[in-house]
1. Between the range 299-332 and the range 37-113, how far is it from one alpha carbon centroid to the other, in angstrom?
2. For the range 409-467, what does the alpha-carbon gyration tensor say about shape, rounded, prolate or oblate, given a ≥ b ≥ c as the root eigenvalues, a/c under 1.5 as rounded, and a/b over b/c as prolate?
3. I need Lys226, Lys164 ordered by Cβ neighbour count within 10 Å, fewest first.
4. Suppose we keep just the DSSP beta bridges with both residues in the chain; what percent of those would be antiparallel, to 5?
5. What spacing in nm lies between the two simple spin-label points modelled at Ser412 and Arg66, each 7 Å away from Cα in the Cβ direction?
6. Calculate, for Asp213 and Ala360, the FRET efficiency according to 1/(1 + (r/R0)^6) with r their C-beta to C-beta distance and R0 41 Å; round to the nearest 0.05.
7. Grab the DSSP H runs of the chain that are 4 residues or longer, score each as -39,500 (n - 2.57), total them, divide by all residues and round the 222 nm result to the nearest 500 deg cm²/dmol.
8. With each label point set 7 Å from Cα along the Cα-Cβ vector, what nm distance links Ser109 and Val169?
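Please treat every number below as a calculation from the coordinates, not as lab data. Just so you know, these numbers come straight off a predicted model, no measurement behind them. When we count neighbours, we look across all protein chains shown, and the Cβ atoms used for this are built from the backbone with ideal geometry, even at glycine.
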Amino acid sequence: MLGERRGVSGISSPLLPFIKIGTRLVVKVGLLGLGTVGTGTVQLLLDSTGRHPLLQELEIYVVGVRSLSKSRDVKLPDGVLTTDLEAIVSDPAVDIVVEVLGGLEPARSLILKAIKYGKHVVTANKAVIARHGDEIFTAAKSSGVYVLLEAAVCGGIPVIQPLKQSLSVNRIHTVTGIVNGTTNYILTRMQTEGSTFSDALAAAQQLGYAEADPSADVDGLDAADKIAILASLAFGGRIKLQDVYCEGIRGVSGADIAYAEKLGFVIKLLAIAKRDTPLEPLSVRVHPTLVPQAHPLASVSGVYNAILVEGEPLGEVMFFGPGAGAGATASAVVSDILNIVAALKTEQVTSQELSQSKIASPHPLLTCSHQDYCAIAPIYELVTRFYARFLTQDRPGVIGKLGICFGNHGVSLESVVQTGVQGDLAEIVVVTHDVREGDFHSSLAEIRALDAIDSIPSLLRVLNQER
Ligand SMILES: NC(=O)c1ccc[n+]([C@@H]2O[C@H](COP(=O)([O-])OP(=O)(O)OC[C@H]3O[C@@H](n4cnc5c(N)ncnc54)[C@H](OP(=O)(O)O)[C@@H]3O)[C@@H](O)[C@H]2O)c1
């Protein structure tokens, strides 16, 4: 247990008693992490004027970090910072634990321990939720506490609560998102400035948009975590992360971006979850995609994120905004904290009950109720259009041979263009009509065996235009 400490709130004295004053409830927040998001969260909580009045019922009671000697952008009273994170999650005085550490461990264990001790949890950690959401939500259900995660997907963009609440009466067909700002910045730069992938990545690293090890972003893993979470909410079932097909953007070349533009497309890393009818298995995938220039996601540039949700009867709705950054992400974190405070107030929780925290009847639109896993279709069952670029011997009859191989597997072609010559080789770009992915790959296996084929440098999926 932590000793006597001075918390800080956005309004009056830094020392607030743990009591209910009239209709005011003082809710004590234990923050795990004071990096980009933690600092933004503290700044927002300390500056409540002109924001929702419930903010004034919150106290930053304790903040856990790795280093006490590091200089911080926020000033906290003595005794609020600690390196003992285990003590925070078991402290009876803490009501809500906010996990903004990042990484899998100790974040996962601390979240589970907080739940065990009856704390409500707010987290921004998509990696932990995508991998360990099942055990976390099972534990939360049995402890009667809330675990909210608005900040975990697309930072400041409200999409988790809308999926749980405002959109929940819709039968969702498709969630299509640009959910990773780093890759969107790289692809935008390659498109607008003609940069190579390596130069655009180096620029993103210099600007702080990409990590020194960029694999989680450029290999699509971060987007896979996020679409697993969104799909779970949109389609009402748990998703096994290993079932999410994932392909990153390392293979996208300047040549593909230029050809895509000539054909009327832009290349985006899309995260897609789709199911036409509730009885079908779900398709959940991340891959670079040719997006028609007129599609609303085509104009989402730079580090911005957007999520297009299509459902019945609503039709289409698009969420757009900053997917990262201290202030934007703190907005999501603090809105989750406020949702919990509002639920506690609605339950007429007293100060004594607050310390025991268990909610008698959790708000059904805040909790995560599904226990079953969604059936996921294997990628070879996907029906999509394809863009493929071939390098071939520059001689007559090659296009005809390609057509025969495609025809042998029922692949119908929308366009075939010989785009130029590279040295001795001809370059041919093909766009197909809708085809089953497995059939398309069977035709490619036959094509690879042709003498005339040198290589197939690019294969990309094409988003359908019908809107
Ligand atoms: N940054 C964004 O824009 C953004 C957007 C959406 C979601 N998120 C998510 O938010 C979470 C936090 O991201 P961030 O960018 O704020 O990270 P960050 O800047 O690296 O901050 C991490 C904080 O956690 C503390 N910490 C980490 N491991 C610790 C440990 N083992 N023990 C004690 N303290 C530890 C660090 O302490 P020290 O300060 O002492 O080193 C630091 O204060 C991540 O899950 C991330 O995916 C971030």
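1. 26 Å
2. It is oblate, given that a/c is not under 1.5 and a/b is not larger than b/c.
3. Final ranking by Cβ density, sparse to dense: Lys164, Lys226.
4. 70 percent
5. My value for the distance between the label points is 5.7 nm.
6. About 0.35, to the nearest 0.05.
7. Taking each H run of at least 4 residues, the total per residue is -9500 deg cm²/dmol.
8. About 4.6 nm, to one decimal.
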